[in-house]
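One structure is given here, and the rest of the page talks about it.
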Amino acid sequence: MSTRFLFLCCLWLNQIAAQTNTLPRLELKALYGSNNLQLDTFYKFHENDSIKFEMFRFYISGITLKQNSVTVGSDSNHAHLLDLSNPHSMQFALPASKNNSHTTKAHNQLEFYLGIDSLTNVSGALEGDLDPTKGMYWTWQSGYINLKLEGVSNLCNTRQHEFQFHLGGYLAPYSALQRIVIDIPNNDTVEINLDIKACIEEINLVKENLVMTPGEAAVRIAAIIAKNFKCQP
Amino acid sequence: MPAMKKIHLVFFILVAFTFGALLHEAPLFIAPKNWPKPVYDLKKNPLSKARINLGRVLFYDPILSRDSTISCNSCHSQYTAFAHVDHALSHGIENRIGTRNAPALLNLAWMPLFMWDGAINHLDMQALAPMSNPLEMDEKIDHVVKKMQRTKIYPTLFYQAYGDSAITGARLLKSISQFMITLVSSNSKYDSVMRHQAQFTKQELNGYQLFKTNCSTCHTEPLFTNNTFQSNGIPVDTSLHDFGRVSMSHASTDSFLYKVPTLRNIEFSAPYMHDGRFKNLTVVLKHYNEGIDTQRVKSIDLKKHIVLTSNEKVDLIAFLLTLTDRHFLFDTSYSYPKKILTNLAKD
């Protein structure tokens, strides 16, 4: 059989794939300043302080792709759990949901949520990334933990200088869910960066190092993190 | 599996299916006539006999606790309508004492929020709370799943229930929900009277009238709770640092409010109140009669001062006892799943 035939087949298959299901790939990178953030590594912080991150996990949900504010595609996966200790979880193709056929259309905006919406929060036990075995569900009070950031810094006057941010909460007035809209180029891979250094610099670690319940602090810190998601052009 | 065997299996399944349909098996869950619509959405967790069985096995299995000593049943036993017998504050792992009294478990499909303060928003998520509470079972669900994968029975039970042997947190929780949903109590004398199949005695009837005048705005029929958060005027026990609903809602008006508990099977679910402070119904009525902190209560029913003569108190208690449902307390389909486990052991 000729290679030409195979080549045509491939082209044809490719076309089908493009028609039926995929939006661009999403690649999320956590940075510390201008470097990739590594877990379990001490970084210089402020002038004379140091900081180390031991866990960084968060949910993003409701991903939609827009062209001039008009939705051109939406992710059929309800939510994704991203975990810095598992590089695979930080980048994925976005399967388009069934009800939008024109997924290959041009796009210039990405919209998503940092966290889990309130309807999902009251929907009982869910599978996949939302399964409570993933460790992102509060047990003593129902609700998803939208984001966990844990580590160590000499600034924290806590047991072993630990800081722990477990941000979540879906009930008014302390809904921690954050909507994020970013302008993106019309590429097949969209790179989004999050500079954790910029985030943590806005938090006074001396005073605020354990946030483990829904409330004002959780909402405020979630907003700080949300605004630091930026597109890498 | 050889092809022949496979065909046999398919045939067997088909036959079993047809027979099942022909026999018209009793429905797994019936909402009693004239009751409100259940809150639990069964479409998202369709009941099946195998899933209910799995939930029942889990409910009785101490595998859910860290040192495999405590099961749900340790604090919620059937003969006390699934409340905690004799303990004011629940006992957990290594005899650690919790801060609240374990309520009766019944008619949970009609309950919108769980726990005395409504901290749990869905029946599915309820089991997570005792499993991971260091004062209760002190375990983590991902670890429980791993432990279950190593057992002989659970992969089989999950296979029977879900068509493959994968054990996930969601399946585990939903199965426990399925069992809990079947805990319907609707066969008390009160229910027979409402269905015109029995009659109250004169004393019970008088008690019923008193109940409707004084109690039913909160303990509303037919569930005997309106599922709201209220103060019934019991003084605050500051030693427990328990502030009630406010811890969840952050609304200062919710301080020291607790969920109105059902009164079904109240005869068997002593001690009473969120902290188990009252040992019997006589003491409870004494409270409603003369112990109410009228500053704290908002309900006009309780502000108006309930005054019951000693005869009336006896009548009211006689009525409360008509809420006892012996079918529920002795229903063998709720008890320790001996048969399921022996059948599994045989295979």
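The values are calculated or read from the model by the stated rules, or taken from the named source; none is laboratory data. Just so you know, these numbers come straight off a predicted model, no measurement behind them. Cβ atoms come from the backbone with ideal geometry, glycine included; neighbour counts cover every protein chain shown.
Against the test of being in contact (Cβ under 8 Å) with a residue 60 or more places away in the chain, surrounded by 18 or more Cβ atoms within 10 Å (Cβ to Cβ) and either more than 14 Å from chain B (Cβ to nearest Cβ) or closer than 30 Å to B:R245 by Cβ (or both), the options A:A217, A:A125, A:A226 yield a single qualifying residue, A:A226.
Residue count for region A:104-122, restricted to those that are touching a Gly at 6+ places or on another chain (Cβ under 8 Å) and within 8 Å of another protein chain (Cβ to nearest Cβ): 1.
Counting only strands (runs of 3 or more DSSP E) that fall entirely inside region A:158-233 and contain at least 1 residues that are out of contact with any Asp or Glu (no Cβ under 9 Å at 6 or more places or on another chain) and either farther than 20 Å from A:F53 by Cα or among the basic types (K, R) (or both), the qualifying elements are A:178-183.
Report yes if some residue within region B:261-281 is in a helix (DSSP H, G or I), within 14 Å of chain A (Cβ to nearest Cβ) and not polar (S, T, N, Q); otherwise report no. No, region B:261-281 contains no residue that is in a helix (DSSP H, G or I), within 14 Å of chain A (Cβ to nearest Cβ) and not polar (S, T, N, Q).
Within the set B:Q203, B:Q178, B:Q160, B:Q209, the sole residue that is part of a helix (DSSP H, G or I), modelled with pLDDT of 95 or more and either surrounded by 20 or more Cβ atoms within 10 Å (Cβ to Cβ) or facing another protein chain (nearest Cβ under 9 Å) (or both) turns out to be B:Q178.
Could you identify the single residue in A:Y174, A:Y137, A:Y144 that is at the interface with chain B (Cβ under 8 Å from one of its Cβ atoms) and buried (at least 23 other Cβ atoms within 10 Å of the Cβ)? Among A:Y174, A:Y137, A:Y144, only A:Y137 is at the interface with chain B (Cβ under 8 Å from one of its Cβ atoms) and buried (at least 23 other Cβ atoms within 10 Å of the Cβ). Only one of the numbered conditions (1) without any contact (Cβ under 8 Å) to a residue 24 or more places away in the chain; (2) outside the structural domain of B:L113 (by TED's automatic domain parsing); (3) under 23 Å from B:F179 (Cβ atoms) is violated by B:K338, and that is (2). Being surrounded by 18 or more Cβ atoms within 10 Å (Cβ to Cβ), without any contact (Cβ under 8 Å) to a residue 24 or more places away in the chain and either over 21 Å from B:T99 (Cβ atoms) or not aromatic (F, W, Y) (or both) holds for only one residue in B:V284, B:V307, B:V260, and it is B:V284. Of the strands (runs of 3 or more DSSP E) lying entirely inside region A:46-97, those containing at least 1 residues that are out of contact with any helix residue (DSSP H, G or I) (no Cβ under 8 Å at 6 or more places or on another chain) and either surrounded by fewer than 19 Cβ atoms within 10 Å (Cβ to Cβ) or touching a residue at least 24 places away in the same chain (Cβ under 8 Å) (or both) span A:49-67, A:70-74, A:91-95. Restricting attention to region B:230-256, the residues that are away from chain A (no Cβ under 14 Å), at negative phi and touching a helix residue (DSSP H, G or I) at 6+ places or on another chain (Cβ under 7 Å) total 3.
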